[in-house]
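The values are calculated or read from the model by the stated rules, or taken from the named source; none is laboratory data. Keep in mind that what you see is a predicted model, and the values were worked out from it rather than measured. Quick reminder, even Gly has a Cβ in these numbers, built from the backbone with ideal geometry, and neighbours come from all protein chains shown. Calculation scope for accessible area: heavy atoms of the full protein, side chains included, ligands and nucleic acids excluded. Shrake-Rupley method; radii C 1.70, N 1.55, O 1.52, S 1.80 Å.
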Amino acid sequence: MHESQGYLTQTLPRRNSRASGLSGLLAWACVASLLLISTLSQGAAIDPTADKQSLTAQTHLFIEKAEAQAASAEEIRSLPGSQWRQASADINLGYTERVHWFRLRLTNTGDQPLDRLLELAYPLLDHIDVYIPRNDAMVLLARTGDAEPFQSRPLAHREFLFPLNLKANDTTDVYLRIQTSGAMQVPLALWKEDAFAASSNVQLTVKGMFYGLMLVMVLFNVFLLISLREKAYAYYVLVVATMLMVVASMDGSMFAHLYPSYPLIHHYMVLTIVPLSAMALSLFAREYLELRHHHPWWNRIFLTMIAVSALSMLGAFVFNYSVSTQISVILTIPLALINLVAGITLWLQSEKSARLFTIAWLALLASILVAVLNKLGLLPSSLVTEHGIAIGASAQAVLFSFALADRYNRERGALYHERKVSLEALTQQREAETALLHASSHHEVTGLPDRRVFEQIVDQAICGNDTAPSAVFMLHLRRFDDINKTLGHKHADELLARFSTRMNRLVAQTVQAVYLEGNGAETKCVAHIEGVSFAFALQDDDQKRILQQAAELAENFARPIEFMGLMLEMGFIMGASFVEASDDDGSTLLRHAFIALDRAGTEAGHVAVYNDQMNPYSPRRLTLMTELREAIRNNELVLFFQPQIHLKTSRVAGFEALIRWPHPEHGLIPPDEFIPMAEQTGLIKPVTQWVLQQALLFCNALDDAGCDATVSVNISAINLREPGFCESACALLAENRVAARRLVLEVTETAAMLEPELSLRVLQALRNAQIRLSIDDFGTGHSSLSYIRQLPVNEIKIDRSFVMAMDSNESDATIVRTTINMCHDLGFEVVAEGVENDRAQSLLKQYGCDYVQGYHLARPMDIENTLVWLDETSWFRHSGFSALNIQG
């Protein structure tokens, strides 16, 4: 306790009086009862106002190879960023003896320096070196660990604490070198000193209650042992004492208070206390259940467990730390299972003494399993996993004590006690079943029925002609994610519950509403379908009256809600689906309402009503998905080509390849309809390969016509994530004997922003292969200029939406002129698409645009007409012209 008491007098002293800490611990224990206090650690960016910050986002990990020579801190600092990997949300790597390096990048964006405590909240790590780069050198801030004397710690605390000073407007790198023979758990957090002091006091209070409870149980049963002279009480005292020592050893309290200068004692205490506790538990079970006299088979099993525990304890002096601890930890599993099975078996055989014994083991078994899974790296670290053994041991100690008392007093109230336990168990079971049934069919936050309940009620209503619902309405809250980010999930959930309550009340007040469950104030007419989507049903013979009622409801739904001193407007969209056929059911109506929801407008009160024409999931779409594959296989797709003119020389510089699908039944299908299908079904790869092949064949045809213009091909964001895409493109160029510089690959700025690191690598590989790159539809996406600047592209294509009206719209003209100047300053060539008249072309030439493309010059043409146009147009001369020379 001395570390928290030190906080009350000064900020983390180096050493305090251990005696005063222990006395305070016992004082708390004598007046307190067992409590479980849960805290919530939230990872966040470095924030000067935050009391505690998780450092997972700022932590990167590097693991030294087992066979490699130990790396120095300077070598680790010089590692490239690619060799560091982002730490997982819970840094728990299981048992490993390899050296792990952790790099923390802490940025103080404030104008004042910050004094913080770096907390490593796992006290069983053998060796910890902390380095901070300073003046181009790695300075050792601290060298400590579980295998070092307690005095080596920078601050006297059972966990590892390191004081840090974060300079204003600066970034501080902290390197931790950690090697341990046990579990590699590295829970890192950054604390304000006063906040850590307060939290430490709370933690110490909880532990004080636990230690105090266990000590009280020990002393109480020592007096009973003296009075009754029963071996069971002696073994019980040994069980509680060893459990207390297990928890105190594992959380570092014994090392901090009892033998801080002797890490070797702590080493063997950690190794031996678990098997010693297992032996004590086996001795207690054997004596308490009277196995020696009444159950010889179980007696032999427990004697075996006692022997195994003793050997495990001796193994601590033979095996290394890792093997010994894993044996001890694994030993707890058969120990707990054997005790539990024995208790259950004897309980089923009407052994009354086994009742509390079994319940106690259920509590301890749960805590042991949580702790074991945590040690093996299968469960993340949390308050429950960190204090699981303490919680289970407390419960077991209390229950064992009750069990001992019950063994001597059960004859007096056996029948009453049995009925009471049965009644309590039945009540708990019924409450649990009721709660489980309700939870399985209702939303946790809003308490409204779920989709399944809604569909069942609607189906039942449809079956009765008199109460058939005329329509199902779906409401979806828009931009609720912004509320989540602004208010936090807890407050956002409260707001969602308040909105759903008001919505349910308003719907229930309408005479057309279909009741889902309940009556009076508990009536439910609205269902929580998913996320922030709700549904309700209205019934009436007049569709116009239904829509009028829905519009009035929507107007009321849109009224601002007062929440936390704010007036918040809940933006939403609504979709409706009317019952039109006898085979309509709740599921179908909901699905149709969902489709209408996608087409709903953004204005308040607008309700989109479903019809078959707005359904994108129609049989036609499913059929086209199948036929597209056949069209690719049978070479039924065609390419059209639209020329691009170099303004300075007034010559043809390139062509853009535009794919079309001449469907035998539906006519010419535009790419806007079938390309998204290809992306969703995985057909985009063969489509892109086909387009590239045909475009390169067109290049050969241009060669025969004496023209070496480039050919531009649009590629999908999926192609950028496709393994081997660059190699495939290069193979096609080689196969068709086309120079790489004549192929231009166009990608939209939005596609380039998806997985930017991967996109950048693929685009750089294409650029290295001499393939030209272009950003298509520039100005319509949401890309960062700083990111666009990094892309290895040759040209930028200004979207047609800015070019088409620039001759009559001064704002568009300004945008185009500014974009051209900016792109030239960044070293990009500029292509303007959508040139519809001579005025626009003249303006673009005046602004210094490099290339133009549009209907004013030529419409997209198939390959035959393109070659005819090329032969006849004044934009092209055979002699002395090279598009590649123009594009440099």
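Measure nothing but the geometry: give the 0 to 90° angle between the long axis through the Cα atoms of 451-463 and the longest principal axis through the Cα atoms of the chain, rounded to 10°. So the inclination is approximately 70 degrees. Using C-alpha pairs below 8 Å separated by at least 6 residues, the relative contact order for the chain is 7 percent.
Computed with every protein chain present, the accessible area of Cys707 is close to 0 Å² [probe 1.4 Å].
Counting only protein heavy atoms and a probe of 1.4 Å, the accessible surface of region 126-274 is 61% carbon and sulfur.
Using +1 at the C-beta of Lys and Arg and -1 at the C-beta of Asp and Glu, which of Ile815, Gly315, Ala121 has the Cα lying farthest in the positive direction of the dipole of the chain? Most positive-ward Cα: Gly315. Distance from a point 7 Å along Cα→Cβ of Asp481 to each backbone N in region 740-766: keep the residues under 17 Å and list them by number. Within reach of a label on Asp481: 750-751, 753-756. Of the solvent-accessible surface of region 504-580, computed with a 1.4 Å probe over protein heavy atoms with every protein chain present, carbon and sulfur atoms account for 45 percent. Ranking Lys648, Lys65, Lys352 from most to least accessible surface, computed with a 1.4 Å probe over the protein chains only, gives Lys648, Lys65, Lys352. For the chain, the longest principal axis of the Cα atoms and the long axis of helix 231-250 meet at an angle of about 40 degrees. A crude spin-label estimate for the pair Glu673 and Asp825, with each label 7 Å from Cα along the Cβ direction, gives 4.4 nm.
Where a ≥ b ≥ c are the square roots of the eigenvalues of the C-alpha gyration tensor, would you call region 165-226 rounded, which needs a/c under 1.5, or, failing that, prolate if a/b is larger than b/c, or oblate? Mind dumping the intermediate values first?
Numbers: a/c = 6.85, a/b = 2.16, b/c = 3.17.
Here region 165-226 falls in the oblate category.
Magnitude of the charge dipole for the chain, about its Cα centre and with charges confined to Cβ atoms of Lys, Arg (+1) and Asp, Glu (-1), is about 3840 debye.
Nearest 10 degrees is fine. How inclined is helix 489-508 to the longest principal axis of the chain, computing both from alpha carbons? Helix 489-508 sits at roughly 70 degrees to that axis.
Judged by the gyration tensor of its Cα atoms, with axes a ≥ b ≥ c, region 647-783 is rounded; a/c sits under the 1.5 cut.
Based on DSSP H runs of at least 4 residues, each adding -39500 (n - 2.57), what is the mean residue ellipticity at 222 nm of the chain after dividing by all its residues, to the nearest 500 deg cm²/dmol?
Numbers: 31 runs with 448 residues, N = 888.
Calculated from helices alone, the mean residue ellipticity at 222 nm is -16500 deg cm²/dmol.
What net charge do the residues around Thr501 carry, taking every other residue with its C-beta under 12 Å from that of Thr501, with Lys and Arg at +1 and Asp and Glu at -1? Spell out each step's value before the answer.
Values: positive: Arg498, Arg502, Arg505, Lys524; negative: Glu494, Glu522.
Local charge sum for Thr501: +2.
Accessible area of Phe255 (1.4 Å probe, protein heavy atoms only, ligands and nucleic acids ignored): about 0 Å².
Dipole magnitude for region 727-865: about 420 debye, using +1 per Lys or Arg Cβ and -1 per Asp or Glu Cβ, origin at the Cα centre.
Percent of accessible area on region 711-864 owned by carbon and sulfur, 1.4 Å probe? Working shown, then result.
Numbers: 3320 of 6720 Å².
Carbon and sulfur atoms account for 49 percent of the accessible area of region 711-864.
Ranking of His489, His100 by solvent-accessible surface, largest first: His489, His100 (1.4 Å probe, protein heavy atoms only, all chains present). Computed over protein heavy atoms with a 1.4 angstrom probe, the accessible surface ordering of Tyr235, Tyr416, Tyr851, largest first, is Tyr416, Tyr235, Tyr851.
Taking a ≥ b ≥ c as the square roots of the Cα gyration tensor eigenvalues, region 531-591 comes out oblate, since a/c reaches at least 1.5 and a/b does not exceed b/c.
The share of Cα pairs per 20 Å bin across the chain, counted from zero up to the longest distance, runs 11, 27, 32, 23, 7, 1 percent. Hey, for a label at Glu424 modelled as a point 7 Å past Cα toward Cβ, could you say which residues of region 339-375 have their backbone N under 19 Å away? Residues passing the 19 Å test: 344, 347-348, 351-366. Using the charge dipole of the chain (Lys, Arg: +1 at Cβ; Asp, Glu: -1 at Cβ; taken about the Cα centre), state which of Pro670, Leu436, Ala366 has its Cα farthest towards the positive end. So the residue furthest toward the plus end is Ala366.
If Lys and Arg each add +1 and Asp and Glu each add -1, what is the summed charge of the other residues whose beta carbon sits under 13 Å from the beta carbon of Arg177?
Values: positive: Arg77, Arg98, Arg103, Arg143; negative: Glu64, Glu74, Glu75, Asp126, Asp129.
Neighbourhood net charge equals -1.
Measuring only protein heavy atoms, the 1.4 Å probe finds Lys845 accessible over about 120 Å².
In the chain, a dipole from Cβ-located charges (positive for Lys and Arg, negative for Asp and Glu) runs towards its positive end, and of Ala508, His592, Leu104 it is Leu104 whose Cα lies farthest in that direction.
Taking only protein heavy atoms and a 1.4 Å probe, what accessible area per residue, in Å², does region 636-769 have with all protein chains in place? Spell out each step's value before the answer.
On the way: 5310 Å² over 134 residues.
It amounts to 40 Å² per residue over region 636-769.
The distance linking region 142-161 with region 720-752 is 57 Å (Cα centroid to Cα centroid, whole angstrom). Each DSSP beta bridge with both residues in the chain is either parallel or antiparallel, and the antiparallel ones are about 75%.
How many Å² of accessible area per residue for region 104-221, probe 1.4 Å? All intermediate terms of the calculation are to be shown ahead of the outcome.
Working: 4070 Å² over 118 residues.
With the other protein chains kept in place, region 104-221 gives 34 Å² per residue.
Here the Karplus curve 6.51 cos²θ - 1.76 cosθ + 1.60, taken at θ = phi - 60°, turns the phi angles of region 345-352 into couplings of 4, 5, 4, 5, 8, 6, 7, 5 Hz, with x standing for Gly and Pro.
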